[in-house]
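What follows is one structure encoded as structure tokens, with my remarks underneath.
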Amino acid sequence: MSELKIFLSGYFHQDWLLEADEPDGMISLFLASQPDRATTKGIAEQIHNLLEANGDQGEGAIERELYEVLGCYYDPKADGMSVVDWLTKLADRLERY
């Protein structure tokens, strides 16, 4: 999951709110850096794999993976969204890029 970890820990680091007011702003910053299609597709695929691999263990397992392993400091629950819903939305946006 190296591409996903690089993306999440690089864009949704501890101080990400200093760079964007909302998570969609950080995604836009990433896309503005003009990643190639293979990169965005690879990250989206890794998100789907993460959801699939941890789906049987529930939302808590996915949250732990997101924060403890992948280094993401954004909590979608603060915006009224589940982690699964946010990751699905993120994957969809990256796939459309």
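Given (i) 1.13; (ii) 0.99; (iii) 1.05, which label gives Cα Rg over 2.2 N^0.38 Å as computed from the coordinates? Entry (ii). The fraction of accessible area contributed by carbon and sulfur in segment 1-85 is 47 percent, rounded to a whole number (1.4 Å probe; ligands and nucleic acids excluded). Surface analysis of segment 32-89 yields an accessible area of 56 Å² per residue, using protein heavy atoms and a 1.4 Å probe.
Cα to Cα, under 18 Å, and not fewer than 8 places away if on the same chain: which lysines meet these conditions relative to Lys5? Hits, sequence-local ones excluded: Lys41, Lys89. Contact order, relative form, for the chain: 42 percent (alpha carbon pairs under 8 Å, 6 or more residues apart, mean separation divided by residue count).
Compute the length gained on full extension between Asp79 and Glu19: take 0.36 nm times their separation in residues and subtract their Cα-Cα distance, giving the result in nm to one decimal.
19.8 nm
Listed values for segment 3-14 are Karplus-derived 3J(HN,Hα) couplings in whole Hz (6.51 cos²θ - 1.76 cosθ + 1.60, θ = phi - 60°), namely 4, 5, 5, 4, 5, 5, 6, x, 9, 10, 6, 4, and x replaces Gly and Pro.
What is the list of residues in segment 43-75 whose amide nitrogen lies under 14 Å from a point 7 angstrom out from the Cα of Ser2, following Cα to Cβ? Under cut-off, by backbone N: 43.
The values are calculated or read from the model by the stated rules, or taken from the named source; none is laboratory data. Nothing here was measured: the structure is a model prediction, and the numbers come from that model. With ideal geometry, Cβ positions are generated from the backbone for all residues, glycine too; neighbour counts draw on all protein chains shown. The area values use the complete protein model at the heavy-atom level, side chains included, leaving out ligands, DNA and RNA. Shrake-Rupley method; radii C 1.70, N 1.55, O 1.52, S 1.80 Å.
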